[in-house]
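Worksheet: one structure, shown below.
The values are calculated or read from the model by the stated rules, or taken from the named source; none is laboratory data. Everything numeric in this text was worked out from a predicted model, so none of it was measured. Cβ sites come from the backbone with ideal geometry, for glycine too, and all protein chains shown count toward neighbours.
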Amino acid sequence: MSLVNSTKLQPVNRKWGQAALACPLHVSLFFSHSRLRKISLAEGSRFELFAFEMLGPLGISTIEKEFVTEWFASFLAKKHAPFPIPLEADLGPFTKKVLESLKEIPMGETLSYRDVAEILLHPKAARAVGNACKANPFPLVIPCHRVVQTGGKLGGFAYGQKIKRLLLDFERK
């Protein structure tokens, strides 16, 4: 996938940013009290190549919107940057531990569910790692799409294998 017109995202309609990828992807971010609560991914329309929107009854400030827009610009430019807004979700301790470890997987690389389990010193917990990935409310920010089956097969993804493949292909090119 190629990035077209690039690192600076421009507002479009209700969306806070847009940039072009070779395949359509729509990202929705749900906020309240200046905290990110959830990210949802979906295939975009054929007219919407990559777009994201920020939603929530108690929104975020203009400066926070700019920080999030810059984070997406970094992501699309394939540069690692910590997410600028606090994340908040009600997750169990093992799930939190798994998701925290996934932030360390570099863009363009993958680990197997078993690899992650072994890193966490729970070598028989590959299935539990998969369940933690499925529970991830922050795809992209916490890159659960970078976890695959042993042997390199895609494995599952809460938003479908097509989107998982799209993200992995984008990050590898």
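At a glance:
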{"quantity": "Qualifying residue in the stretch 117-130 (condition: of a type outside the set (Gly, Ala, Ser) and within 12 Å of the chain's Cα centre (by Cα))", "calculated": "no"}
{"quantity": "Which numbered condition residue 152 misses (of (1) in contact with a strand residue (DSSP E or B) (Cβ under 7 Å, 6 or more places away or on another chain); (2) on the phi > 0 side of the Ramachandran plot; (3) surrounded by fewer than 15 Cβ atoms within 10 Å (Cβ to Cβ))", "calculated": "(1)"}
{"quantity": "Residue check, residue 99 at pLDDT below 85, among the aliphatic types (A, V, I, L, M) and more than 19 Å from residue 170 (Cα to Cα)", "calculated": "no"}
{"quantity": "Of all residues making up the stretch 73-110, the number that are within 12 Å of residue 144 (Cα to Cα) and not acidic (Asp, Glu)", "calculated": "10"}
{"quantity": "Residue 86, sole failed condition from (1) at pLDDT 95 or above; (2) exposed (fewer than 15 other Cβ atoms within 10 Å of the Cβ); (3) of a type outside the set (Asp, Glu)", "calculated": "(1)"}
{"quantity": "Pair list, Cβ < 6 Å and 6+ apart or interchain, from the stretch 109-127 residues that are within 24 Å of residue 80 (Cα to Cα) to residues that are among the basic types (Lys, Arg) and crowded, with 19+ Cβ neighbours inside 10 Å", "calculated": "110/146"}
{"quantity": "Every pair of residues 6+ apart whose Cβ atoms lie under 7 Å, when the first sits in the stretch 66-86 and is closer than 17 Å to residue 138 by Cα while the second is acidic (Asp, Glu) and surrounded by fewer than 18 Cβ atoms within 10 Å (Cβ to Cβ)", "calculated": "85/64"}
{"quantity": "Residue 139 outside any helix (DSSP H, G or I) and in contact with a His (Cβ under 8 Å, 6 or more places away or on another chain)", "calculated": "yes"}
